[in-house]
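Heads up, the thing below is written out as structure tokens.
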Amino acid sequence: MKADAVRGHLDGLLLAVLEQGPLHGYAIIAAVQRRSGGALELRTGTIYPALNRLERLGLLSSSWQSEGERRRRCYELTDAGRATLAGERAAWDEFTAAIGSVLNPGARPGLAT
């Protein structure tokens with residue numbers, strides 16, 4: 001899938017993946033890839049700046065955790081992040097309904113063609 005397809009939706013993707021609990025960067029990348037059936041492959045150069053920005057906005061918090069001898073920064077949603085995720089989902093539903101009504105006008109009852 002083209003990188004442009006993710007543009008504008010990255011924040012929502014990251015927040016949604018973190019809804020289930022804290023994850024470190026590579027686990028976030030793997031979760032997005034797994035949940036998208038392999039269609040979305042995020043790069044570290046894409047997600048780490050976004051995670052840092054979301055943390056600065058107060059939507060995520062982070063802490064260092066040790067796994068064996070490795071230390072990894074784990075990110076989790078804040079209450080503000082959960083509220084923002086709800087807004088992202090509502091905006092996505094509205095967006096996909098609008099695009100769907102144009103691309104597939106006969107698929108929704110009551111819409112004129």
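The longest stretch of the chain left intact once loop-based trypsin sites (Lys or Arg not before Pro) with at most 12 other Cβ atoms within 10 Å are removed from consideration, loops following DSSP, is 44-113.
Between 13, 57, 40, the GNM of the chain built on Cα springs shorter than 10 angstrom shows 57 fluctuating the most. Using a probe of 1.4 angstrom and keeping all protein chains present, the accessible surface of the chain works out to 66 square angstrom per residue. Between 67, 19, 94, the GNM of the chain built on Cα springs shorter than 10 angstrom shows 67 fluctuating the most. Normalising the average separation of contacting C-alpha pairs (under 8 angstrom, six or more residues apart) by the number of residues puts the relative contact order of the range 1-68 at 26 percent. Starting from a Cα-only point model with no solvent, please compute log10 I(q)/I(0) by Debye for the range 12-62 at q = 0.25, 0.27, 0.29 1/Å. For the range 12-62, the Cα-only Debye profile gives -0.98, -1.13, -1.27. Size descriptors for the range 44-83, from the alpha-carbon set: Rg then Dmax equal 11.2, 35 Å. Among 103, 51, 77, the largest mean-square fluctuation in a Gaussian network model of the chain, built with springs joining Cα atoms closer than 10 Å, belongs to 103.
By accessible area, using a 1.4 Å probe on protein heavy atoms only, the chain has 52% of its surface on carbon and sulfur.
Dividing the helix sum by the residues of the chain, where each DSSP H run of 4 or more adds -39500 (n - 2.57), gives a mean residue ellipticity at 222 nm of -17000 deg cm²/dmol.
How large is Rg/Rh for the range 10-113, to two decimals, with Cα atoms and a Kirkwood Rh? Rounded to two decimals, Rg/Rh equals 1.11.
The values are calculated or read from the model by the stated rules, or taken from the named source; none is laboratory data. Since this is a predicted model, take the numbers as computed values, not measurements. Don't worry about glycine lacking a Cβ; one is built from the backbone with ideal geometry, like all the others, and counts go over all protein chains shown. Side chains are part of the model used for accessible areas, which takes the heavy atoms of the whole protein and leaves out ligands, DNA and RNA. Shrake-Rupley method; radii C 1.70, N 1.55, O 1.52, S 1.80 Å.
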